[in-house]
Amino acid sequence: MRTNISHTYYVHDEEQDNSQSSSEPSVEIEVADLLVAYLEQIGVEYIFGVPGGAIEPLYNAIARSRRRGGIQHILARHEAGAAFMADGYARETGNIGVCCSTSGPGATNLITGVAGAYDNNIPMLVITGQPALPAFGKHALQESSCTGVNVLGMFRHCTRYNSLVSHPKQLEPKLIAALQRATRTPRGPVHLSMPVDVFRSPSTPAQPSYDLRQLLAPSSLVDEEAVDTVYRMVLDAKKVVLLIGGWCGEAAGSILQFAALIGATFVTTPDGKGSVSPHHPLFRGVFGFGGHASAEAALRDESVDLILAVGASMGEWNSGGWSDSLLNERMVHIDESEDHLALTPMARFHVRGRILSIFNRLLERMKDVSKHASYEIEHARASRDLDTRVSDPDRMLSDMDKYLSDATPIKPQRLMRELGLMFPPTTRFLADTGNSVSWSTHYLHPRDRRVGERRLGSERKRTLGRRKTSGGWLRVTMNYAPMGWAIGGAVGTAAANPDAPVVCITGDGSMLMNGQEVSVAVAEKLAVIFVVLNDRALGMVKHGQRLAKAEQIGCDLPPTDFAALARALGAEGFTIRSPEDLMKLDVEAMCTRAGPTLLDVLVDPEEVPPMSVRMRVLANVL
C-alpha cells in the first residue's frame with residue numbers, strides 16, 4: 001500500500017541528485033505529472049496498462065510518482081487485461097480503477113474490458129495516447145485520432161465521458177468532468193485521449209488547483225416522500241419479499257436489518273449473492289441465471305403482496321430472463337440509477353436515491369413501528385411462520401447427489417462444494433463468464449460467511465471520496481459478460497487487497513483467451529488461485545447447442561495441460577481429477593505464497609450447468 005505523499009513538486013526523469021548545484025534552475029513539471037498528482041490525491045494506488053511511444057510521458061510521470069512512494073504501475077500482458085484489472089481493483093476498493101494504453105491497437109485492445117465495465121457500472125478512468133498534434137492526418141505510426149482510425153468514436157459508445165485533450169489548459173476541467181461522470185450514477189468508465197506533445201507540455205499550475213476528495217464524495221440523495229410511501233406500503237403489506245441486487249453492496253447490512261425487522265425473506269440476483277451470507281435464515285436462494293427453484297417459488301408465492309426489488313439492473317441474467325414472477329404490479333423498484341428504473345414500467349412504485357440512505361431512513365421510521373399495534377401483531381405472526389430451516393443453503397440445490405459425489409472425473413457441483421469449504425471466510429471469489437458463473441451461482445456456498453466487513457452502513461465514513469468495497473464475497477459480470485474477465489479482475493482484486501485470498505473460477509476457453517495475465521500475478525507476487533474448469537470445450541456453447549437441439553459445431557477444444565502452462569509462466573500448477581486430489585492440497589500455503597497457484601480441474605464434461613434462464617430467453621427470441 002502506498003504512503004501519504006506531497007504534491008508540491010515534480011521533476012523530469014533526470015532527477016536532481018545531491019551533487020547537483022543548488023544554483024541550477026528547477027525543472028518544470030509536465031501535464032502528465034499534473035494528471036498523476038490528481039490520481040494520487042483521490043487515493044489511486046495502481047495504474048494498469050501497457051506502455052508505448054505515444055504514452056511515454058505518462059509512464060515517466062508514474063515512475064517519478066513511484067520513486068516518492070506514490071502510484072505504482074502494473075504491466076498487463078494485453079490491454080484488455082489491463083481494463084479487467086482496473087475493473088477488479090475498483091470493485092475491491094470502491095475507488096476508481098485506472099488503465100492506460102498507447103494509441104492505435106493499444107487503445108482498441110482496451111475496448112472489450114471497457115465495454116464490460118460500462119455495462120456493469122464500474123467506475124474507471126481510461127487514458128490513451130495519441131501521436132503529436134502536428135502529425136494528425138499524416139499517417140503517423142498507430143495514429144488513432146479523428147483523422148485516422150478514430151478510437152474516440154469507438155469509445156463514445158462504451159464510456160460516460162469521452163474527450164481528446166488537445167491543449168494543456170484542457171486537462172484540469174476535462175479530468176474533473178470525467179471523474180465526476182465516472183463516480184456519479186450511472187457510474188462507468190470515462191476516456192481521455194492525449195497527444196504525446198500535450199502530455200509533455202509544461203504544466204501551469206504546478207500542482208492540482210482543486211481538492212477532488214470532497215467533490216467526488218458519495219452523495220446521499222433521498223426522496224423523503226418516496227421513502228414515506230414505501231414505509232406505508234410495508235406496514236400495509238401482508239407478506240413482503242426482498243430481491244437484493246448487485247448494487248446493494250454498501251447498503252447490505254442495512255437491508256438485512258430491515259428484512260429481519262419486518263420478518264421478510266429475501267432472494268438475490270446472481271450479482272447480489274456475494275453481498276449476503278448464503279446461510280442467513282431469511283435467504284431463499286438466487287433468482288435469475290444459475291439460480292434456485294426456491295427463489296422462484298418465493299416470488300411466485302400468492303400470499304406475497306409486496307416485492308421490494310433493490311439495486312437490480314433488470315438485465316436478462318438478474319431478472320430471470322425478464323420473468324413475470326418479478327416484473328409485475330406487486331414490485332416496488334428501489335435503485336440509484338434512472339437507467340435501471342426505466343426497465344420496470346410495470347412496477348407499482350419507483351424510488352430513486354442512494355440505497356444506503358433510503359434503507360437507513362426506513363430503519364429510522366421502523367423505530368416507531370410499535371405505535372402500530374396491528375402491524376406488531378402481524379409481524380409477530382409472520383416471524384413465527386418463517387421456515388428458518390432453509391438457512392442451510394444446500395437444501396436449495398437441484399442435485400444433491402452430484403454435490404456430494406466422489407466420482408472421477410470430479411463433478412463441477414462437488415468442486416463448488418469443496419471450494420466453499422477449503423478457503424477462509426475472507427476469500428474473494430470471482431466467477432468468469434460461462435459455466436463458471438452458473439456453477440458458482442447455484443452451488444458455491446462458503447462456510448462461516450458473513451456479510452463481509454460491512455455492518456449497518458454509515459453515510460459519513462468517507463475516505464478520499466470512495467465507498468466501501470461493494471464487491472462482496474462473490475463477484476460476477478452481468479450483461480456484456482466478456483470471457484476471461486475474472487482472470488484480470490482477480491489480479492486487480494489481489495493488488496488492491498493482498499491480505500485477502502482471491503480465487504478466480506474460470507473455464508478452459510477463457511483461460512486460452514486471457515490466461516497470459518497469470519504472468520502478471522507471478523511478476524507482482526500475488527497469491528491468486530486460478531481454478532480452471534477443464535472440460536475440453538466451450539462448455540456453455542456445447543450444452544446450449546445440445547439443449548436447443550442445434551448443430552454441434554465450434555465448441556470443442558483440444559486437451560490442454562494448464563498446470564504445465566502455469567508452471568511455464570512461473571506459477572504453481574496442480575492437476576485435479578478427483579475430490580481426493582483436492583483434499584491433498586495445502587490451501588494455507590496457496591493463500592500465503594508470494595505468487596499464484598493454478599488448479600487444472602478435469603471436470604466431468606457431460607454435466608449440464610444450470611442455464612435454463614438463458615435457454616428460455618433464446619427459445620423465445622429464436
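So the values come out like this:
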{"read-out": "For the range 268-281, Karplus couplings with θ = phi - 60° (6.51, -1.76, 1.60), whole Hz, Gly/Pro x", "value": "10, 7, x, 7, x, 4, x, 7, 10, 7, x, 9, 4, x"}
{"read-out": "Length gained when the stretch R365-S303 is fully extended (0.36 nm per residue, less Cα-Cα span)", "value": "19.8 nm"}
{"read-out": "Heavy atoms of D119: accessible area, 1.4 Å probe, square angstrom to 10", "value": "60 Å²"}
{"read-out": "Other-chain or far-sequence residues with amide H under 5 Å of V502's (modelled H)", "value": "R428, I529"}
{"read-out": "The range 524-589: GluC sites (Glu not before Pro) in DSSP coil with no more than 12 other Cβ atoms inside 10 Å", "value": "E551"}
{"read-out": "Of K238/K367; K411/K542; K238/K273, those spanning more than 22 Å from alpha-carbon to alpha-carbon", "value": "K238/K273"}
{"read-out": "Inter-label distance for H139 and E56, nm, one decimal - labels placed 7 Å from Cα along Cα-to-Cβ", "value": "2.3 nm"}
{"read-out": "Neighbour-limited loop hits for trypsin sites (Lys or Arg not before Pro), the range 89-162 (at most 12 other Cβ within 10 Å; DSSP other than H, G, I, E, B)", "value": "K138"}
{"read-out": "For the range 326-332, Karplus couplings with θ = phi - 60° (6.51, -1.76, 1.60), whole Hz, Gly/Pro x", "value": "10, 7, 8, 6, 7, 8, 10"}
{"read-out": "Contact order relative to length of the range 539-603, as percent, for alpha carbon pairs under 8 angstrom and 6 or more apart", "value": "32 percent"}
{"read-out": "About the Cα centre, charge dipole magnitude for the chain (Lys/Arg +1, Asp/Glu -1 at Cβ), debye", "value": "980 debye"}
{"read-out": "Selected from A140, A178, P202, residue furthest toward positive end of dipole (the chain; charges at beta carbon)", "value": "A178"}
{"read-out": "Cβ-placed point charges (K, R +1; D, E -1), dipole of the range 188-320 about Cα centre in debye, nearest 20", "value": "360 debye"}
{"read-out": "Separation of the T204 and K238 label points, Cα + 7 Å toward Cβ, nm", "value": "7.5 nm"}
{"read-out": "Farthest toward positive dipole pole in the range 484-617 [+1 Lys/Arg, -1 Asp/Glu at C-beta], among V601, A566, I487", "value": "I487"}
{"read-out": "Gain upon complete extension [T560, E606; 0.36 nm per residue less C-alpha separation]", "value": "14.8 nm"}
{"read-out": "DSSP bridge orientation in the chain - percent antiparallel, rounded to nearest 5", "value": "5 percent"}
{"read-out": "Potential extension, E551-A523 segment - 0.36 nm per residue separation minus Cα distance", "value": "5.8 nm"}
{"read-out": "Low-density loop positions, GluC sites (Glu not before Pro), the range 276-333 - DSSP coil, at most 11 other Cβ in 10 Å", "value": "E302, E329"}
{"read-out": "Relative contact order of the chain, pairs being alpha-carbon contacts under 8 Å that are 6 or more residues apart, as %", "value": "14 percent"}
{"read-out": "Estimated [θ] at 222 nm from DSSP helical runs (n ≥ 4, -39500 (n - 2.57)) normalised by residues in the chain, nearest 500", "value": "-10500 deg cm²/dmol"}
{"read-out": "Pair W322, D399: separation of 7 Å Cα→Cβ label points (nm)", "value": "3.0 nm"}
{"read-out": "Distance between the range 564-600 and the range 496-547 - C-alpha centres, whole angstrom", "value": "13 Å"}
{"read-out": "Mean Cα-pair separation over length for the range 273-377, i.e. relative contact order, pairs under 8 Å, 6 or more apart, %", "value": "18 percent"}
{"read-out": "Per-peptide average of other Cβ atoms within 10 Å, ordering 174-181, 202-209, 541-548 highest first", "value": "174-181, 541-548, 202-209"}
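The values are calculated or read from the model by the stated rules, or taken from the named source; none is laboratory data. Worth saying up front: this structure is predicted, and the values here are computed from it rather than measured. Note that each Cβ is placed from the backbone with ideal geometry, even for glycine, and that neighbours are counted across all protein chains shown. Please note that ligands, DNA and RNA were not included when accessible areas were found on the heavy atoms of the full protein model with its side chains. Shrake-Rupley method; radii C 1.70, N 1.55, O 1.52, S 1.80 Å.
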